[in-house]
Amino acid sequence: MSHHTVLVTGGAGYIGSHACVELLNAGFNVVVVDNLSNSKVTSLNRVEAITGKLVTFYEADIRDKQSLSDIFSKEQPSTVIHFAGLKAVGESCEQPHLYYHNNVFGTLVLTEVMQEHNVKQLVFSSSATVYGITDKTQYSEDLPIGAINPYGRSKAMVEDILRDLAAADSKTKSDKPWKIALLRYFNPIGAHESGLIGEDPNGIPNNLMPYVAQVAIGKLPQLAVFGDDYPTKDGTGVRDYIHVIDLVKGHISAIHAFKNTQFISGNCKAYNLGAGHGYSVLDIINTFEKVTGRTINYKISPRRDGDLAEYYANPDLALKELNWKVEKTLQDMIADTWNWQSKNPQGYQ
Ligand code: NAD
Ligand code: WQD
């Protein structure tokens with residue numbers, strides 16, 4: 001068992017809270033820094049209830065350099081997992097400055113503080129959104145980057161910054177080089193099997209799975225299926241859905257991989273975290289109905305701006321170098337979403 005401390009930015013959020021559970025279960029000490037702009041501290045109380053272990057929590061903004069620096073001095077983390085950021089594509093088009101400030105400037109402050117404290121192992125939440133428009137439906141890490149909205153560009157910019165940081169070290173032959181894993185998530189859904197933590201979006205959900213769950217529980221009247229004339233198996237959009245627990249296990253695998261040859265001399269590498277195949281919107285609806293016994297009221301509606309027909313991960317590199325692959329099925333993802341939704345119809349409040 002390790003006694004290393006992992007500092008988790010954005011650890012009170014959806015993916016971050018699940019990461020805290022897996023980190024604690026793997027024997028790490030966990031320190032969370034979150035400004036609670038899109039989460040509630042209740043999630044961390046639930047993490048403690050699930051694991052029987054304590055989380056050290058700081059309510060702070062990662063852009064506040066002095067506070068962050070004080071936290072690093074006190075907690076002496078060996079590794080950072082950086083989830084903190086804003087993630088709504090539509091909002092990023094309306095408020096680009098807010099997105100670049102949070103996601104790009106926030107990461108600059110974080111890495112500056114890390115550098116000053118000589119903490120140089122970083123796992124970053126990137127996204128499949130960084131891939132440019134391509135005629136391929138299966139995305140490998142070597143596809144060109146070319147995000148199409150401010151949110152996606154903020155992730156692509158951070159990837160560039162982190163690659164440059166690692167490259168600068170290799171030029172100066174630093175004796176403690178950066179080790180950075182850029183994890184490109186596909187579509188995370190699901191919840192911890194306890195039903196104690198899960199996704200708790202503010203207002204009306206943007207994403208399919210929380211929307212379906214809120215229709216199922218009666219909070220929302222009807223799902224709009226955004227287009228049924230795409231060139232896919234049934235005309236609806238196809239995505240690579242990944243259980244949030246599989247996803248966060250990929251982060252633990254990345255931390256372990258920092259000890260492997262490709263990271264020993266320092267490196268910044270991107271890895272897709274996905275299942276390697278997709279499901280359509282209708283697959284999701286049909287499986288949700290089968291697993292939960294509820295009927296999903298839906299209506300075929302116009303396409304949503306900016307949506308692609310179909311894409312999914314090539315997850316081979318993560319298997320080869322991180323020894324990681326997904327283990328859970330779509331049934332698991334839906335059963336766990338429903339368990340969380342039905343036990344917490346109002347989310348954390
Ligand atoms: P989330 O909003 O639930 O979690 C993000 C957390 O970061 C929140 O708790 C929020 O309060 C905190 N935060 C935001 N700005 C902050 C700041 N400046 N200082 C401190 N804390 C701050 O979102 P999530 O779904 O858990 O996503 C986590 C990360 O994964 C994000 O970076 C997101 O862009 C990325 N990601 C998410 C998805 C997805 O579909 N959920 C897909 C790909 C990538
Ligand atoms: C999935 C499918 C929709 C809602 C987004 C971000 C991406 C990433 C994950 C962070 C699509 C359809 C959806 C609805 C629908 N986030 N849909 N009715 O768009 O693949 O990815 O979240 O990095 O950046 O863009 O996910 O869940 O919104 O949509 O028919 O009410 O469901 O058209 O085919 P998406 P999603």
Could you work out which residue, out of H251, H97, H192, moves most in a Gaussian network model of the chain, that is, has the largest mean-square fluctuation with Cα springs under 10 Å? H97
Let me know the charge dipole size of the chain about its Cα centre in debye, to the nearest 20, where only the beta-carbon of Lys, Arg (+1) and Asp, Glu (-1) is charged. 360
For the range 310-349 and the range 121-180, what is the separation of their Cα centres, given in Å? 23
Return the sequence-ordered ³J(HN,Hα) values of the range 291-308 in whole Hz as given by the Karplus equation 6.51 cos²θ - 1.76 cosθ + 1.60 applied to θ = phi - 60°, using x for Gly and Pro. 6, 9, x, 8, 9, 9, 6, 9, 9, 5, 10, x, 4, 8, 3, x, 6, 9
If R0 is 41 Å, what FRET efficiency do you get for V109 and S342 from their C-beta distance, rounded to 0.05? 0.55
Provide Rg and Dmax in Å for the range 51-151, with only Cα atoms included in the calculation. 16.3, 49
Normalised by the number of residues in the chain, what is the relative contact order in percent for Cα pairs under 8 Å and 6+ residues apart? 18
Name the residues whose placed amide hydrogens come within less than 5 Å of the amide hydrogen of V326, ignoring near sequence neighbours (fewer than 5 apart) on the same chain. none
Compute the long axis of helix 106-116 from its Cα atoms, compare it with the longest principal axis of the Cα atoms of the chain, and write down the angle in degrees, 0 to 90, nearest 10. 30
Tilt, helix 244-257 to longest principal axis of the chain (alpha-carbon atoms), in degrees rounded to tens, equals 20
State which entries of K53/K343; K65/K136; K53/K171; K87/K120 exceed 31 angstrom in Cα-Cα distance in the structure shown. K65/K136; K53/K171
Principal-axis tilt of helix 150-172 within the chain, Cα atoms, nearest 10 degrees: 30
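How much length, in nm to one decimal, is gained on full extension between I204 and L220, taken as 0.36 nm per residue of separation minus their Cα-Cα distance?
Numbers: separation 16, 0.36 × 16 = 5.76 nm, distance 0.85 nm.
Answer, rounded to one decimal: 4.9 nm.
Given the rule -39500 (n - 2.57) for each run of at least 4 DSSP H residues, summed and divided by the residues of the chain, what is its mean residue ellipticity at 222 nm, to the nearest 500 deg cm²/dmol? Don't skip to the answer; put the middle values down first.
Values: 13 runs with 137 residues, N = 349.
Dividing the helical sum by the residues of the chain leaves -11500 deg cm²/dmol.
Roughly how compact is the range 240-331, stated as its Cα Rg over 2.2 N^0.38 Å to two decimals? Could the numbers behind the result be given before it?
On the way: Rg = 17.2 Å, N = 92, 2.2 N^0.38 = 12.3 Å.
Taking N as the residue count of the range 240-331, the ratio is 1.40.
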D (µm²/s, integer) via Stokes-Einstein for the chain, Kirkwood Rh across alpha-carbon pairs, 37 °C, 0.692 mPa s: value 160
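Could you give the dipole magnitude of the range 239-349 about its Cα centre, charging the beta-carbon of Lys and Arg +1 and that of Asp and Glu -1, in debye to the nearest 20?
It works out to roughly 180 debye.
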For the chain, which whole-number percentage of the solvent-accessible area (1.4 Å probe, protein heavy atoms only) is attributable to carbon and sulfur atoms? 49
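On a full-extension model of 0.36 nm per residue, what is the gain between N286 and I133, subtracting their alpha-carbon distance, rounded to one decimal in nm?
Working: separation 153, 0.36 × 153 = 55.08 nm, distance 2.91 nm.
Using 0.36 nm per residue and subtracting the Cα-Cα distance, I get 52.2 nm.
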How large is the dipole of the range 292-335 about the Cα centre if only Lys and Arg carry +1 and Asp and Glu carry -1, each at its Cβ, rounded to the nearest 20 debye? 260
In terms of the charge dipole of the range 38-107, which places +1 on Lys and Arg and -1 on Asp and Glu at the beta carbon, the residue among Y99, V41, V55 farthest towards the positive end is V55
Bridge type composition, the chain - antiparallel percent by DSSP, nearest 5: 5
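If I take every Cα pair under 8 Å that is 6 or more residues apart in the range 25-108, average their sequence separation and divide by the length, what percent do I get for the relative contact order?
Working: 57 pairs, mean separation 23.6, N = 84.
Across the range 25-108, relative contact order equals 28 percent.
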With a 1.4 Å probe and all protein chains left in place, how much accessible area per residue does the chain have, in Å²? 43
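The values are calculated or read from the model by the stated rules, or taken from the named source; none is laboratory data. Computed from a predicted model, the values in this text were never measured in an experiment. Using ideal geometry, Cβ is built from the backbone for each residue, glycine included, and neighbour counts are taken over all protein chains shown. What goes into the accessible areas is simple: the full protein's heavy atoms, side chains included, and nothing from ligands, DNA or RNA. Shrake-Rupley method; radii C 1.70, N 1.55, O 1.52, S 1.80 Å.
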